[in-house]
Amino acid sequence: NDIEYIRSYYFNKLEIIRFSSSLGKYVGYTELGVKNAERWNKDLSNLAAMKAQKETYCKHNVDID
């Protein structure tokens, strides 16, 4: 439960958008990022896939360490 999956997207060293498994959605940090976050958060299949990454990627690799 202490694990959080974060996927960030950068452009010119500036974070524009991030998916956070603790929030379960995308968050935008720039004008473009906010617009994309709103659009991406409407895609329920994409959100489900991103939420599943915590289970398939993070928890699997934590057990290895």
Return a single number: how many Lys pairs in the chain, at a sequence separation of 8 or more or on separate chains, have alpha-carbon atoms below 26 angstrom apart.
-> 14
Want the number for Tyr10 to Ala49: 0.36 nm per residue separation, take away the alpha-carbon distance, what's left?
-> 12.0 nm
Of Ile6, Ile64, Leu47, which is farthest on the positive side of the dipole of the chain, counting Cα position, with +1 on Lys and Arg Cβ, -1 on Asp and Glu Cβ, and the Cα centre as origin?
-> Leu47
Got the relative contact order for the chain handy, in percent, Cα pairs under 8 Å and 6 or more residues apart?
-> 25
Restricting attention to region 16-63, which trypsin sites (Lys or Arg not before Pro) occupy a DSSP loop and are surrounded by at most 15 other Cβ atoms within 10 Å?
-> Lys42
Taking amide hydrogens as modeled 1.01 Å from N in the peptide plane, which residues meet the under 5 Å criterion relative to Tyr5, leaving out close sequence neighbours?
-> Ser21, Ser22
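Evaluated at 20 °C with a viscosity of 1.002 mPa s, what Stokes-Einstein diffusion coefficient in µm²/s does the chain have when Rh comes from the Kirkwood expression over alpha-carbon pairs? Write out the running numbers ahead of the final one.
On the way: Rh = 12.4 Å.
For the chosen part, D equals 173 µm²/s.
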Toy charge model, Lys and Arg Cβ at +1, Asp and Glu Cβ at -1: region 6-64 dipole around Cα centroid in debye, rounded to 20, equals 40
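Computed from the coordinates by the stated procedures, all read-outs in this text should not be read as laboratory data. A quick note: this is a predicted structure, and the numbers were derived from the prediction, not measured. Here Cβ is always computed from backbone atoms with ideal geometry, including for glycine, and neighbour counts include all displayed protein chains.
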